[in-house]
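Scroll down for the structure; my scribbles are underneath it.
The values are calculated or read from the model by the stated rules, or taken from the named source; none is laboratory data. As the structure is a prediction and not an experimental result, all values here were calculated from the model. Virtual Cβ from ideal backbone geometry, glycine too; neighbours counted across all protein chains shown.
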Ligand SMILES: [Ca+2]
Ligand SMILES: [Ca+2]
Ligand SMILES: [Ca+2]
Ligand SMILES: [Ca+2]
C-alpha cells in the first residue's frame, strides 16, 4: 500500500493505463526510472520532466529539463552581501554633571 492521496499522475497523457506517481516507477515516462533498484537512490534527475538524456549542464544533480542551466558561469558565486558601515552616532550622554558648589553650612557662631 502506497500513500497516494492526491492521485498525482504526472504522465497520464503518455500512459495507456494511468498509473499514479506513487506506484509508477517512471513518473514521466522518459525511460529513466525515478529511483534505482534499491528504491531510494534517485536516478531520474528530473522526475516529472521528460529528459531521457539526463543532461545536467551545471552538474548540480538536477537535470536541465527541470533546472535551467545558468547563462553565465555556473560556478560564479554570488556577490557578498554588501556590508554597510553601521555608524550609529550615539549621543554623548556620559558627561559628568557639573559639580555643584557644595555649601557647607557654617554654624552660626
Ligand atoms: Ca504515471
Ligand atoms: Ca523518468
Ligand atoms: Ca525525467
Ligand atoms: Ca542542473
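For the range 8-25: of the residues being under 26 Å from the mean Cα position of the chain (by Cα) and part of a loop (DSSP other than H, G, I, E, B), which is surrounded by the fewest Cβ atoms within 10 Å (Cβ to Cβ)? Full working, then the answer.
Residues of the range 8-25 under 26 Å from the mean Cα position of the chain (by Cα): 8-10, 21-22.
Next, from what is left, pick out any that are part of a loop (DSSP other than H, G, I, E, B): 8-10.
Working: 8: 13, 9: 18, 10: 17.
Per the criteria, the residue is 8.
Considering only residues that are closer than 30 Å to residue 70 by Cβ and within 9 Å of ligand 1 (Cβ to nearest atom), which ones fall in the range 15-60? Outline the logic, then answer.
In the first step, residues of the range 15-60 are kept if they are closer than 30 Å to residue 70 by Cβ; the result is 21, 26-36, 40-60.
Result: 21, 26, 27, 28, 29.
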Condition met for residue 39 (within 16 Å of ligand 2 (Cβ to nearest atom), assigned to a loop (DSSP other than H, G, I, E, B) and at pLDDT below 90): yes
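Those residues that are surrounded by fewer than 17 Cβ atoms within 10 Å (Cβ to Cβ) and more than 9 Å from ligand 3 (Cβ to nearest atom), I need them from the range 44-61; list them, please. Let's see the steps before the verdict.
Step one: filter the range 44-61 for residues surrounded by fewer than 17 Cβ atoms within 10 Å (Cβ to Cβ), giving 48, 52-55, 57-61.
If the condition is that a residue be surrounded by fewer than 17 Cβ atoms within 10 Å (Cβ to Cβ) and more than 9 Å from ligand 3 (Cβ to nearest atom), then 53, 55, 57, 58, 59, 60, 61 are the ones that fit.
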